1. Taking the stated definitions as given, is MET1 of a type in the set (A, V, I, L, M, F, W, C), at pLDDT below 80 and within 14 Å of the chain's Cα centre (by Cα)?
2. Scan the stretch 39-88 for residues that are loosely packed, with under 14 Cβ neighbours inside 10 Å and hydroxyl-bearing (Ser, Thr, Tyr) and report the count.
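The values are calculated or read from the model by the stated rules, or taken from the named source; none is laboratory data. All values derive from a computational prediction rather than experimental measurement. Heads up, the Cβs are rebuilt from the backbone with ideal geometry, glycines too, and the neighbour counts pull from every protein chain shown.
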Amino acid sequence: MGAYFQIWEINSVGAILAVLFGTTLAPIAGVFGWKSGVAAGFLHMALVMNIGYLHGGMNLYNNGFSGGMVAAILVPIISAFREVKNEK
């Protein structure tokens, strides 16, 4: 879904690889729910399509790196919001 709202063509090889390897973030959706999973997918698509130059193009390395960065950023934020919500 995130590929439709980005500037890249949905049928380009890079976009398809980014979407396929976006499944690395499935545990976020499994633990925190589908809304968090959609947010992770959007961020992964945006990050992976802009970070390809670090690894010489679209490959498994920049997809894994992007997935790790998205998880490292989102999980603490979502956990903090969840704690605040549970306190109320």
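1. Here the answer is yes, as MET1 does meet what is asked.
2. Final tally of qualifying residues: 2.
Each row is one residue, and each column tells you yes or no for (1) among the polar types (S, T, N, Q); (2) modelled with pLDDT of 85 or more; (3) within 14 Å of the chain's Cα centre (by Cα).
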residue: GLN6; (1), (2), (3): yes, no, yes
residue: SER12; (1), (2), (3): yes, no, no
residue: ALA18; (1), (2), (3): no, no, yes
residue: ALA29; (1), (2), (3): no, yes, yes
residue: ASN59; (1), (2), (3): yes, no, no
residue: MET69; (1), (2), (3): no, yes, yes
residue: VAL75; (1), (2), (3): no, yes, yes
residue: GLU83; (1), (2), (3): no, yes, no
